[in-house]
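Here the structure comes first, spelled out in structure tokens, and everything after it is commentary.
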Amino acid sequence: MDQGLITTIAMGIALSATAGFRIFVPMLAAAVAGHFNIMHLPADMAWLSSWTSIICFATASIAEIGTYYIPFIDNLLDTIATPLSVAAGTLIAFSILPISSQEPIVRWGLAFLAGGSTAGTIQLGTGLLRLLSSKATIGTGNAVVATTENAAAVTSSLLSFVIPVMVALLLLFLCIWVIYRLFKRITHRKTI
């Protein structure tokens, strides 16, 4: 397999999974990278690299990052962010992954499996972490969770262009760990 192909696939998975931390930060990173030809976008996704998209994603990123510092609003935002992170992860994967099929349903299906599912799994894990933090600290510890997520979103987005394979593997490992912990928690409750 071509090393460039592996790098592109890893970049797509890494950026898509990053949408589980913050929805708009990896979208902004993809838009800027596409605009400055750091990565190639297919013709049907060229709108992603426009100045309009960059400005919209930058504004949305700032609003999203700031909103997560408001106690209890952050928990409400998680209910909206979970399906949106799946959509964002799917869109990013669709834009970046070198899917050769001309059938749109195949391209969207593979993008959902590679990008949407990883973003949704990470968002589910961070949402549950915030919920536990809200219960344990009455919302005061959520700022620490939000800061960690913000740092993870920005760092993962940037490193996706520098060391995409390592970032993709790390985020996939995080997804597996979240699924394992949820499965363990569910099976533990059934035995009680």
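Only the coordinates and a few stated rules stand behind these numbers; no lab work does. From a predicted model like this one, the values you see are computed outputs, not experimental measurements. Methodologically, a virtual Cβ is constructed for each residue, glycine included, from the backbone with ideal geometry; neighbour enumeration extends over all protein chains shown.
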Given (1) crowded, with 16+ Cβ neighbours inside 10 Å; (2) without any contact (Cβ under 8 Å) to a residue 12 or more places away in the chain, number of the condition LEU91 does not satisfy | (2)
Just need a number here: residues in the range 113-137 that are farther than 16 Å from ILE23 by Cβ and without any contact (Cβ under 8 Å) to a residue 60 or more places away in the chain.
-> 9
For ALA31, the lone unmet condition from (1) in contact with a Phe, Trp or Tyr (Cβ under 7 Å, 6 or more places away or on another chain); (2) outside any helix (DSSP H, G or I) is (2)
Being under 18 Å from VAL86 (Cα atoms), small (Gly, Ala, Ser), surrounded by 16 or more Cβ atoms within 10 Å (Cβ to Cβ) and touching a Lys or Arg at 6+ places or on another chain (Cβ under 6 Å) narrows it down to one of ALA119, ALA153, so name that one.
-> ALA153
For the range 1-23, name all the residues that are surrounded by fewer than 21 Cβ atoms within 10 Å (Cβ to Cβ) and polar (S, T, N, Q).
-> GLN3, THR7, THR8
Just to be sure, is ASN37 farther than 24 Å from LEU170 by Cβ, touching a Lys or Arg at 6+ places or on another chain (Cβ under 7 Å) and either in a helix (DSSP H, G or I) or of a type outside the set (A, V, I, L, M, F, W, C) (or both)?
-> no
Residues that are part of a helix (DSSP H, G or I) and not polar (S, T, N, Q), drawn from the range 1-20 = GLY4, LEU5, ILE6, ILE9, ALA10, MET11, GLY12, ILE13, ALA14, LEU15, ALA17
Counting only residues that are out of contact with any helix residue (DSSP H, G or I) (no Cβ under 6 Å at 6 or more places or on another chain), within 16 Å of ILE73 (Cα to Cα) and not in a loop (DSSP other than H, G, I, E, B), how many does the range 137-154 have?
-> 5
